[in-house]
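Peer 1: The structure's right below; bear with me while I get my questions together.
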Amino acid sequence: MNQNIYVEIFSDKKKEIIDQSRTIGITKSNVEYFNNNIVNIERILWKIKKIEIFSEKKNKEKLLKFENNNEQLFSIVKNYKLKKILEKSLIKNKFFKQNYKKKFLYNYNNYDLIINLDFSNLITKKFFNKKIIKKYESYAFTGILKHEKINNRIARQIFTKIGPLAFLPISERETSIVYSIKNSKNFNKDNFIELIKHYNFIYNVKEIQQIFSFELYSINLRSYYYKNILAFGELTHKIHPLAGQGFNMTVRDIKNLIEIIKTRKELGLPLNSSVNQEFQKNVRHRNFIFSSGIDIIYELFNFDGKLKNHLFINSLKYLSKKDSINKIFKKIADKGLIY
């Protein structure tokens, strides 16, 4: 959605190390928004038509199933492919200019509105250091399964004894894996491969490639802005990856911010700190509630794994069989708290 506003992007000059195993889940409504208002990403998507959730505790019994008459529920895209399409689109835009971060740090008072996504720059350290941080004492391991060709349209998540394991299809012959493993400081790639072999009951695996790992923690920023500087994206809300909602929260934030800017331009109002005030008023409470909900789900599965009566699992199965509840789950996952 081009608002004819001159924009400069400041980034590091050094070459970025690209993790080609990282994938993003994008909900159906957010895909439609991307295609209609940002850039068409249809050609790099792999559409998922069903989600199945299992528990190791009940002998891999299926707990939940989400589908919508064989239609798309959400899509998986490789992170680096999405980045390339966005960069290519920006370069063609006459209102866009790219520069290097060091130049910006000495001149940041020269801009009407600044959107900051950097976790480590001086602005973040100075103005955005008050946050709620939760460390999960877990590491996420990601990789790509190369396997024999199948009709690969079902995403599966297994809640194992040591954390949630997601199988996210990206083609007929490739599936992305995200495994959140508790107490895994001494865990290595060989351990990861063995666990995948143990829990995989779908794919005839040929190879596991592009294995990476990173520490898991959640962040909720106490204030989203300082004067004309707006914190954005994962800098304001970083969540556990078990529900694949982190990027979708950011897309919903983009929608809200663009609507604020569009309205102010139509009214002839300046783009200044008042934009940031309105944005925080609109989204901070929703983001906090949504991210807290993801955290509660993680903790309930974690707690239930220590019990013998399957209380949470049985309750979840019962609720999921109610059509009205199932529809609410799907709507919240697709569009967030407001739909």
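Peer 1: Go through segment 192-204 and give me each residue that's outside any loop (DSSP other than H, G, I, E, B) and open to solvent by 60 Å² or more (accessible area, probe 1.4 Å).
Peer 2: Step one: filter segment 192-204 for residues outside any loop (DSSP other than H, G, I, E, B), giving 192-199.
Selection gives GLU194, LYS197, HIS198.
Peer 1: How many residues, within segment 242-288, are open to solvent by 50 Å² or more (accessible area, probe 1.4 Å) and either of a type in the set (A, V, I, L, M, F, W, C) or part of a helix (DSSP H, G or I) (or both)? Step through it out loud before you land on a result.
Peer 2: Step one: of segment 242-288, the residues open to solvent by 50 Å² or more (accessible area, probe 1.4 Å) are 247, 255, 259, 262-263, 265-270, 272, 277-278, 281, 284-286, 288.
Going one step further and asking which of them are either of a type in the set (A, V, I, L, M, F, W, C) or part of a helix (DSSP H, G or I) (or both), we end up with 247, 255, 259, 262-263, 265-267, 269, 277-278, 281, 284-286, 288.
Counting residues in segment 242-288 that are open to solvent by 50 Å² or more (accessible area, probe 1.4 Å) and either of a type in the set (A, V, I, L, M, F, W, C) or part of a helix (DSSP H, G or I) (or both) gives 16.
Peer 1: Still on this model: With segment 26-86 as the region, which strands (runs of 3 or more DSSP E) entirely inside it contain at least 2 residues that are open to solvent by 70 Å² or more (accessible area, probe 1.4 Å)? Break it down stepwise before answering.
Peer 2: Values: elements: 46-48, 50-55, 61-67, 74-78.
Ranges flagged: 61-67.
Peer 1: All but one of (1) open to solvent by 30 Å² or more (accessible area, probe 1.4 Å); (2) among the hydroxyl-bearing types (Ser, Thr, Tyr); (3) in contact (Cβ under 8 Å) with a residue 24 or more places away in the chain hold for SER120, so report the exception by its number.
Peer 2: Condition (3) is where SER120 drops out.
Peer 1: How do the pairs read when you match residues in segment 165-191 that are assigned to a loop (DSSP other than H, G, I, E, B) with residues anywhere that are among the basic types (Lys, Arg), using Cβ under 8 Å and keeping only pairs 6 or more apart or on different chains?
Peer 2: What qualifies is ILE170/LYS78; GLU172/LYS149; ARG173/LYS146; ARG173/LYS149.
Yes/no matrix, rows are residues, columns are (1) of a type in the set (D, E, K, R); (2) at pLDDT below 90:
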residue: ASN99; (1), (2): no, yes
residue: LYS102; (1), (2): yes, yes
residue: TYR108; (1), (2): no, yes
residue: ASN116; (1), (2): no, no
residue: ILE150; (1), (2): no, no
residue: ILE154; (1), (2): no, no
residue: GLN157; (1), (2): no, yes
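The values are calculated or read from the model by the stated rules, or taken from the named source; none is laboratory data. Values in this document were obtained by computation on a predicted structure and should not be read as measured data. Note that each Cβ is placed from the backbone with ideal geometry, even for glycine, and that neighbours are counted across all protein chains shown. To get the accessible areas, we keep the full protein, side chains included, count just its heavy atoms, and leave off ligands, DNA and RNA. Shrake-Rupley method; radii C 1.70, N 1.55, O 1.52, S 1.80 Å.
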